[in-house]
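What follows is a set of notes on a single structure, which appears directly below.
The values are calculated or read from the model by the stated rules, or taken from the named source; none is laboratory data. These numbers were taken from a predicted model, which means no experiment stands behind them. Cβ atoms come from the backbone with ideal geometry, glycine included; neighbour counts cover every protein chain shown.
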Amino acid sequence: MSAKPYKRILVKVSGEVLMGDSAFGIDMATVEAVAEDIKQVAESGVELCLVIGGGNIFRGLAGAAKGMERASADYMGMLATVMNALAMQDALERIGVSTRVQSAIPMPTVCEPVIRRRAERHLEKGRVVIFAAGTGNPFFTTDSGAALRAAEMKCDALFKGTSVDGVYTADPKKDKTAQRFDRLSYHDVLAKDLKVMDASAISLMRENAIPIVVFSIRERGNLMKVLQGQGVHTVIAEDA
């Protein structure tokens, strides 16, 4: 992938990444490390949106599987993403990065509601905008929320930071023979049922021709490398 001059991107960070080496919860040392990577990109002049998952605190599907009503479980998962967003905001603000959190579930005491034009103004002023609470609706994942915000904010690409360095034929942590893809089309992801993002998120990205870049955010400085077309990653786009 050759370097492309991105003007505005959305970075989706897996909630599990924020656990660090812990079994659950928020590891502030890891949050601070991710914040440093975000700062590096923000200072390069790229307008930056963030969406953070909530799997480190609560995963809706897991709750539903244990008997909890699915909608209630999903709302709890959305609240977990707000907690992660506030933790990331704190880490970014402490290193001098102006940040705003916008939640799809209104909670004016702690953050702004999602207002597209206000978010655009924040980005134009060089602030990082963290979108929390997914789409604000149950039965949608934070991947769908990230895809929605990327399309809504007219982002040039969606960067998905995970614990692995791209998309593989199988889970590389469980299958040592798994092979990594350099490029894939949206159709390939759906047809091969690759667990990158849920189908609705992939479809929304395809409809809006927004490429998805999957990379490991655990490696320090990797976000900037991948943004410049370097580092190990997988690109999902129509022309793959």
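Within the range 210-223, the residues that satisfy the criterion of being under 21 Å from Asp171 (Cβ atoms) and surrounded by 21 or more Cβ atoms within 10 Å (Cβ to Cβ) are Ile212, Val213, Val214, Phe215, Ile217. Each residue in the range 106-121 was checked for being surrounded by fewer than 16 Cβ atoms within 10 Å (Cβ to Cβ) and of a type in the set (D, E, K, R), and 4 of them qualify. Do you know which of the residues in the range 149-166 that are buried (at least 22 other Cβ atoms within 10 Å of the Cβ) and not small (Gly, Ala, Ser) is farthest from Asp193 (Cα to Cα)? Once the filter is applied, the top-ranked residue is Cys155. Scanning the range 189-215 for residues that are farther than 19 Å from Phe140 by Cα and at pLDDT 95 or above turns up Ala209, Ile210, Pro211, Val213, Val214, Phe215. The condition of being of a type in the set (A, V, I, L, M), crowded, with 16+ Cβ neighbours inside 10 Å, over 14 Å from the mean Cα position of the chain (by Cα) and within 18 Å of Val46 (Cα to Cα) holds for only one of Val235, Val226, that being Val226.
Could you check the range 167-197 and list, in sequence order, the residues that are under 30 Å from Arg116 (Cα atoms) and crowded, with 19+ Cβ neighbours inside 10 Å?
Filtering the range 167-197 down to residues under 30 Å from Arg116 (Cα atoms) leaves 185-187, 189-190, 195-197.
Passing the criteria: Tyr186, Val189, Val196, Met197.
None of Lys12, Lys39 is of a type in the set (Lys, Arg) and assigned to a helix (DSSP H, G or I) except Lys39.
Within the range 107-142, which residues are assigned to a loop (DSSP other than H, G, I, E, B), under 18 Å from Lys7 (Cβ atoms) and either of a type in the set (D, E, K, R) or under 17 Å from the mean Cα position of the chain (by Cα) (or both)? Steps first, answer last, please.
First, the residues of the range 107-142 that are assigned to a loop (DSSP other than H, G, I, E, B): 107-111, 114-115, 125-127, 133-141.
Right, trim to under 18 Å from Lys7 (Cβ atoms) and you get 125-127.
Once the filter is applied, which keeps residues that are assigned to a loop (DSSP other than H, G, I, E, B), under 18 Å from Lys7 (Cβ atoms) and either of a type in the set (D, E, K, R) or under 17 Å from the mean Cα position of the chain (by Cα) (or both), the range 107-142 yields Lys125, Arg127.
For Glu43, state whether it is closer than 17 Å to Ser98 by Cβ and not aliphatic (A, V, I, L, M).
yes
A quick yes/no check of all residues on (1) touching a residue at least 40 places away in the same chain (Cβ under 8 Å); (2) within 13 Å of Met88 (Cα to Cα); (3) surrounded by fewer than 17 Cβ atoms within 10 Å (Cβ to Cβ):
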residue: Glu16; (1), (2), (3): yes, no, yes
residue: Asp21; (1), (2), (3): no, no, yes
residue: Ala29; (1), (2), (3): no, yes, yes
residue: Glu36; (1), (2), (3): yes, yes, yes
residue: Ser44; (1), (2), (3): yes, no, yes
residue: Gly53; (1), (2), (3): yes, yes, no
residue: Phe58; (1), (2), (3): no, no, no
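Please pick out the residue among Lys154, Lys176, Lys160, Lys192 that is more than 25 Å from Asp239 (Cβ to Cβ) and charged (D, E, K, R). So that I can check it myself, show each step before the final result.
On the way: Lys154 fails: more than 25 Å from Asp239 (Cβ to Cβ); Lys160 fails: more than 25 Å from Asp239 (Cβ to Cβ); Lys192 fails: more than 25 Å from Asp239 (Cβ to Cβ).
Selected residue: Lys176, the only one of Lys154, Lys176, Lys160, Lys192 that is more than 25 Å from Asp239 (Cβ to Cβ) and charged (D, E, K, R).
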